[in-house]
Amino acid sequence: MSLNRTFSVLGWRRPGVANAALLGLPALWFAALYLAAIGALLITSFWTVDDLSGNLIPGFSFTNFQQLLSVPVYTHIALRTIGIAAAVTITDVILAWPVAYAMIRLAGPRLRAVMMAAVMVPLWSSYLARVYAWRLILAHNGLLNWALMEIGLPRAHIGYSNWAMWIVFSYLWLPFMILPVAASVERIPPSLLEASADLGERGFATFRRVMLPMALPGMVAGAIFTFSLTLGDYVTPMLVGGRGSDFIGNVVYSNVGVTNNIPFAAAYAVLPLGVMAVFLLIARKLGAFDAL
Amino acid sequence: MRSETLIWAAVAAIFAFLFIPIVVIVLYAFSAAPIPAWPIAGFALHWFADTWHDQAVRQALVLSLEVASVATIAAMLLGTLAAMAVARMQSAAKEVVSFIAVLPIALPGILTGMALAAYFAFWGINLSYWTIVAGHATFCVVIVYNNVVARLRRMPRSLTEASADLGADAFRTFRLVQLPMMASAIGAGALLAFALSFDEVIVTTFTAGAQNTLPLWIFGAIRLGQQLPEVNVVVFAIILFTAIPVLLAQKLIGESGKVAR
């Protein structure tokens, strides 16, 4: 008991000691496992693999990076990944707005709670189940083509294509955009919108000149997830993308699983790290971290 | 008023977009056909029994439950400790901790997975049950952390001070004042962390050796186009069973129903 009291007094007199005691274990975990792992990724990206034995050769060589830059297919894959991630982010911003606006500004408290639950359930439902559902819907003899035929249109061939990836990724990450946008719309004082209306701005002008800029941090916070989750995926491209729809993740995946060239895979994974570092710096400037 | 109608129409269309795939999954689980096609020709229940008796599915399910349980316990401990530290800190230090905690889910999954694979290769650690757990615990911490931080923000500091004034030491204050107030937030975070771990596939591929978690089994089966009726049943069951902890977690968080991810 007296030992407890000694610790308590120490923690009270010196808050730094108490903070360190609380934070010690989580900090150790993150430093020793996660941050160290990212360090290991950077280090091994300069290593090479012995062609014959398949053993890792530690060292400092730019071989992997030279190969990534000199073979055009790796540039194409990187551009495809980043391009689709950007397209998905824009699509989700557009789709999130009506839902966020209706939820916060139009719906009553009960309907709002129902809508919130209706956004939460798909957010947390199984990722693989939802990708698989789209694989079934977009397949040649799936729901989409059946519906098109029923209304007298020709079959669409969007299963196993970049279009399919765009639809499925936009679908998967939409709740991640709706929630922060709704939260930032909620923080806009209604008096500001009334003032804008009093000053003669019509509905859409108020939206464009008052709500949109004020909800920017929420949109950027959502974009961190929609962009990053798309950037780091390889399962969706494998399941709904066709031939020639590889992402950065697919190259990394096959180099670890099939070829067992961990250094080359690590070097390619440095690219999303760099892209996200730039993205997060901009997001921070735009105040997105307060909206996370 | 016409623009309001337009917005509601858009909202209805977007919710249809969100839920049609989930309805499709539910319907296919009862499809009799060995190869999925639309419209569903006939319905059957025997795939449920077949799936239940499939040893590969069972082993994967058990492994997933074990991994998710251990990872959730680790995340509860680490996330709660970090949240309690942050509640006492200055805003600059707060930001750093929050930023590092969210990195494992804010950075692309392939990066987290590849970094862990490189790390284990760096030390020559063989992939096992424990490497899966280590990865899962790392990205589950932030789920518990966010929920507890949100709770502590609404909990007045004066309560712990009053407890100290009445003579309780820090441990007693924790047990009698802080823990009861945080309990439902920790519980909600734990439920969500469990759901996240149970479903994770992107990072898990890189940290699992020969073992199959349930998502890894599903991924493999879809890719190879094998046992699709069993896949239908498994994904249906997962959707059903993850909805329960999520809705329960929302209840625990109370408020306007915000769940911090």
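The values are calculated or read from the model by the stated rules, or taken from the named source; none is laboratory data. This is a predicted model, so every value here is computed, not measured. Every residue, glycine among them, receives a Cβ derived from its backbone with ideal geometry; neighbour counts consider all protein chains shown.
Before moving on, here are some points about what is shown:
- Taking helices (runs of 4 or more DSSP H) as the structural unit, those lying wholly within the range A:3-104 and holding at least 2 residues that are of a type in the set (D, E, K, R) correspond to A:72-101.
- Condition met for A:MET120 (crowded, with 20+ Cβ neighbours inside 10 Å and among the hydrophobic types (A, V, I, L, M, F, W, C)): yes
- The single condition among (1) within 8 Å of chain A (Cβ to nearest Cβ); (2) touching a Cys at 6+ places or on another chain (Cβ under 9 Å) that B:GLU95 does not satisfy is (2).
- Looking only at the range A:90-115, and only at residues there that are facing chain B (nearest Cβ under 7 Å) and modelled with pLDDT of 90 or more, the one that is nearest to the chain's Cα centre (by Cα): A:LEU95
- Single unsatisfied condition, A:ASN19 versus (1) more than 24 Å from A:TYR234 (Cβ to Cβ); (2) under 18 Å from the mean Cα position of the chain (by Cα): (2)
- Test: A:PHE207 is within 13 Å of chain B (Cβ to nearest Cβ), farther than 18 Å from B:PRO108 by Cα, in a helix (DSSP H, G or I) and of a type in the set (A, V, I, L, M, F, W, C): yes
- Between A:ASN141, A:ASN145, the distinction of being assigned to a helix (DSSP H, G or I), modelled with pLDDT under 85 and surrounded by 13 or more Cβ atoms within 10 Å (Cβ to Cβ) belongs to A:ASN145 only.
- Condition met for A:ASN19 (modelled with pLDDT under 85 and surrounded by 12 or more Cβ atoms within 10 Å (Cβ to Cβ)): yes
- A:THR236 vs. criteria touching an Asp or Glu at 6+ places or on another chain (Cβ under 6 Å), over 21 Å from A:THR44 (Cα atoms), in the same structural domain as A:ASP92 (by TED's automatic domain parsing) and outside any loop (DSSP other than H, G, I, E, B): no
- The helices (runs of 4 or more DSSP H) located wholly in the range B:84-195 that include 1 or more residues which are loosely packed, with under 15 Cβ neighbours inside 10 Å, polar (S, T, N, Q) and at negative phi occupy B:91-106, B:157-165.
- Any hit, the range A:192-215, residues being under 21 Å from the mean Cα position of the chain (by Cα) and in the same structural domain as A:ALA86 (by TED's automatic domain parsing): yes
Matching residues to (1) within 27 Å of B:GLY220 (Cα to Cα); (2) of a type outside the set (D, E, K, R); (3) modelled with pLDDT of 90 or more:
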| residue | (1), (2), (3) |
| --- | --- |
| A:VAL220 | no, yes, yes |
| A:GLY232 | yes, yes, yes |
| A:ARG243 | yes, no, no |
| A:PHE247 | yes, yes, yes |
| A:ASN250 | yes, yes, yes |
| A:GLY257 | yes, yes, no |
| A:ALA265 | yes, yes, yes |
| A:GLY274 | no, yes, yes |
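- Verdict on A:SER126 being without any contact (Cβ under 8 Å) to a residue 12 or more places away in the chain, under 26 Å from A:GLY218 (Cα atoms) and within 19 Å of the chain's Cα centre (by Cα): yes
- First in the range A:249-262 and facing chain B (nearest Cβ under 9 Å), second anywhere and basic (Lys, Arg) and buried (at least 23 other Cβ atoms within 10 Å of the Cβ), Cβ under 8 Å, 6 or more apart: none
- Close pairs from the range A:222-248: first touching a residue at least 40 places away in the same chain (Cβ under 8 Å), partner buried (at least 24 other Cβ atoms within 10 Å of the Cβ) and not in a helix (DSSP H, G or I), Cβ under 6 Å, at least 6 apart: A:SER228/B:PRO108; A:LEU231/B:PRO108; A:GLY232/B:PRO108; A:PRO237/A:PHE247; A:PHE247/A:TYR234
Condition check ((1) closer than 20 Å to B:PHE139 by Cβ; (2) touching a helix residue (DSSP H, G or I) at 6+ places or on another chain (Cβ under 6 Å); (3) β-branched (Val, Ile, Thr)) across all residues:
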{"position": "B:SER64", "(1), (2), (3)": "yes, yes, no"}
{"position": "B:VAL70", "(1), (2), (3)": "yes, yes, yes"}
{"position": "B:ALA75", "(1), (2), (3)": "yes, yes, no"}
{"position": "B:LEU81", "(1), (2), (3)": "yes, yes, no"}
{"position": "B:ALA93", "(1), (2), (3)": "no, no, no"}
{"position": "B:VAL96", "(1), (2), (3)": "yes, no, yes"}
{"position": "B:VAL102", "(1), (2), (3)": "yes, yes, yes"}
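- Any chance A:SER228 is small (Gly, Ala, Ser) and either within 13 Å of chain B (Cβ to nearest Cβ) or within 30 Å of A:TRP163 (Cα to Cα) (or both): yes
- Number of the exception - A:HIS76 against (1) within 14 Å of chain B (Cβ to nearest Cβ); (2) under 28 Å from the mean Cα position of the chain (by Cα); (3) of a type outside the set (Phe, Trp, Tyr): (1)
- Selection status of B:PRO34, in contact with a Phe, Trp or Tyr (Cβ under 8 Å, 6 or more places away or on another chain) and not assigned by TED's automatic domain parsing to the domain that holds B:ALA237: no
- Filtering the range B:206-227 to residues that are at the interface with chain A (Cβ under 9 Å from one of its Cβ atoms) and surrounded by fewer than 22 Cβ atoms within 10 Å (Cβ to Cβ) leaves B:ILE222, B:ARG223.
- Residue satisfying all of: in the range B:152-195; free of Cβ contacts under 8 Å to residues at least 12 places away in the same chain and under 23 Å from the mean Cα position of the chain (by Cα); nearest to the other protein chains (Cβ to nearest Cβ) among these: B:LEU179
- Members of the range A:281-292 that are facing another protein chain (nearest Cβ under 9 Å) and either assigned to a loop (DSSP other than H, G, I, E, B) or at pLDDT 90 or above (or both): A:LEU292
- Of note, A:GLY159 does not satisfy the criterion of being on the phi > 0 side of the Ramachandran plot and either of a type outside the set (Lys, Arg) or modelled with pLDDT of 85 or more (or both).
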